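The values are calculated or read from the model by the stated rules, or taken from the named source; none is laboratory data. What you see is a predicted model; the values in this text were computed from it and never measured. A quick note on method: Cβ atoms are made from the backbone with ideal geometry, for glycine too, and the neighbour counts reach across all protein chains shown.
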Amino acid sequence: MIAGKVIGGLIGYFSFGILGAVLGIFVGHGFDQALGKFTQSESPEALLAIQTSFFTTTFTLMGYLAKSDGRVSQEEVDLTQQLMDKMGLTADHKREAIKLFKIGAEPDFNPDGTLKDFYETCGHRVQLTQMLIVYLVNTALVDGDFDEKEESALRYIAESLQFSHQAFEQLLGMVRAQDSFAGGRYQQDGHTHSGVDELNRAYAALGVTEEASDKEIKRTYRKLMSEYHPDKLIGQGVPDDMVKVATERAQEVQTAYDLIKKSRKHTS
């Protein structure tokens, strides 16, 4: 595992030259060692069980969310398949994902058994539960219409997984705000058309308020970037070919953070 050393070295080099690169590699090495110890805390069999549970639960509940309004439209099916393509699933995983989606979309499907199995296998990993909810919010947002029934279904899922009401509200607000920064969409023609509304969404994307200090904002930003780090996600039990969509959230967090920094620099 070398991602930490590579990233640390590059950041150090471009910030402080050769000496910075050496220091960055040293810090990155420590990160990689810590991450390695973390991933080794589970046996290969246990980690495989966690990955399987995460995969099964995610796509079954995607189907459950899609039918939460009473029916699954062809548009929802098409958009969900596009999301699967965006994830970069292997052909076998995509076929399995579609099968699971159809099971969850059955009119008589009850999510309780799926949620119970996931909680028993993965409930000790709070971040993995959080990532599951992030994936499901992605699904709810994919058609641009996040209705009350989808939100109600998401709340039920979160409560069943012992995810607190406060934590859910904050995560939901953050993901919805982050979605508005997808692809750096607040930028056009090299200009930042932000205004008060975009800046407020940037704060919401990080889960902080305008009153937060620069230090608090930077600490929150670094925490989010760490949570969306590919190695950490895989170590938590997110299958390799499901990481791409999750790490795109890191790009959105980066865009929001850059907007906040730029705004504060201009007003200081």
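Each row is one residue, and each column tells you yes or no for (1) crowded, with 18+ Cβ neighbours inside 10 Å; (2) at pLDDT 50 or above; (3) touching a helix residue (DSSP H, G or I) at 6+ places or on another chain (Cβ under 7 Å).
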position	(1), (2), (3)
I2	no, no, yes
F14	no, no, no
G24	yes, no, yes
Y64	yes, yes, yes
Exercise for review: Give region 136-184 a look and list any residue that's modelled with pLDDT of 85 or more, among the hydroxyl-bearing types (S, T, Y) and either closer than 15 Å to S68 by Cβ or part of a helix (DSSP H, G or I) (or both), or say none.
Suggested key: S152, Y156, S160
Study note, to complete from the structure: Residues in region 122-155 that are small (G, A, S) and farther than 22 Å from K244 by Cα total 3
Exercise for review: Might you let me know whether region 68-82 holds any residue that is among the polar types (S, T, N, Q) and touching a Gly at 6+ places or on another chain (Cβ under 6 Å)?
Suggested key: no
Check your understanding: If you go through region 210-231 one residue at a time, do you hit one that is part of a loop (DSSP other than H, G, I, E, B), modelled with pLDDT of 85 or more, in contact with a Phe, Trp or Tyr (Cβ under 6 Å, 6 or more places away or on another chain) and loosely packed, with under 15 Cβ neighbours inside 10 Å?
Key -> yes
Review point. Among the residues of region 111-124, is there at least one that is surrounded by fewer than 19 Cβ atoms within 10 Å (Cβ to Cβ) and outside any helix (DSSP H, G or I)?
Key: yes
